[in-house]
Structures are given as C-alpha cells and as structure tokens.
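The values are calculated or read from the model by the stated rules, or taken from the named source; none is laboratory data. Everything quoted here is computed from the prediction, not taken from an experiment. Glycine gets a Cβ as well: all are built from the backbone with ideal geometry, and neighbour counts include every protein chain shown.
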Amino acid sequence: MEQTEKLVQTIIDGIEEKKGSDIVVADLQGIEGTICRYFIICQGNSPTQVEAITESVGDVCRERLGEKPAHVVGLENALWVAMDYGDVLVHIFVPDVRQYYDLEHLWADAKITNIAD
C-alpha cells in the first residue's frame, strides 16, 4: 500500500477511535489543479468531540506513521477544524457547519467513498 493510502486509512482509524461519523473520502487525483490528492470529511456532534477527533487523528498518525500535520486550523471554536497532511486534507465539522459548506458536493468530479459508521 502506498504511503498516502496508508495515511488515509490511519486518519480514518483516528476518526473512528473517537466515534466521528459520516466519514467521506474524496479522491481528487484525477482532477486537474487540485491542492491535494484526498479530502477526508467527517463530523463530531459537538465542538468537544471535534477537538477529540482532531487530537486522535494527530496522535494515531504520529504514533503509527511518524506523520504530523503541517497546519491545523479551527481549534479556537472547533466548529470546523482543518488538518493539512500535504497530500491529504482532513475536515472535521459539527453537523450544521458541515451541511452549510457542503464540501462533498463542491468536488462533484471526485471519486467519493462513504465509510460506514
């Protein structure tokens, strides 16, 4: 398995560890001009759970793969946290903010994979 795919699976594991839900992986590799290869989008039920998911993803990626995000933004209010792993961008939302921005549908050309809860 390629390193980026290992990273994607490890991120999903970190999300699931804290009961993140509605996990979507958008494969952007076939789309010209994208800023990364994958978007991973999920949600927590509250800002506290969004923080916990963010921490879990960071811990699991560091422990298993030695990977740290280049940037993490949004922890101030934890309604939408973005984690930048270079080839993979992770978006962790509370439900109403996720619905408002609707990132999955912005990338209609991407191959979308829904991960069962």
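Things to note:
- Residues satisfying the stated conditions in the range 34-65, i.e. under 18 Å from Ile12 (Cβ atoms), assigned to a loop (DSSP other than H, G, I, E, B) and among the small types (Gly, Ala, Ser): Gly44
- Selection count where residues are surrounded by 13 or more Cβ atoms within 10 Å (Cβ to Cβ) and more than 20 Å from Pro47 (Cβ to Cβ), scope the range 90-110: 3
- Test: residue in the range 63-73 that is within 21 Å of Asp117 (Cβ to Cβ) and in contact (Cβ under 8 Å) with a residue 24 or more places away in the chain: no
- Any chance Leu75 is in a loop (DSSP other than H, G, I, E, B) and either surrounded by fewer than 14 Cβ atoms within 10 Å (Cβ to Cβ) or not charged (D, E, K, R) (or both): yes
- Residues in the range 1-33 that are crowded, with 17+ Cβ neighbours inside 10 Å and either assigned to a loop (DSSP other than H, G, I, E, B) or touching a His at 6+ places or on another chain (Cβ under 6 Å) (or both): Lys18, Gly20, Leu28.
- Residue list for the range 17-37, filter: closer than 22 Å to Leu79 by Cβ and either in contact with a strand residue (DSSP E or B) (Cβ under 6 Å, 6 or more places away or on another chain) or among the polar types (S, T, N, Q) (or both): Gly20, Ser21, Asp22, Ile23, Val24, Val25, Ala26, Cys36
- Flag if Asp96 is more than 15 Å from Ile11 (Cβ to Cβ), in a helix (DSSP H, G or I) and modelled with pLDDT of 95 or more: yes
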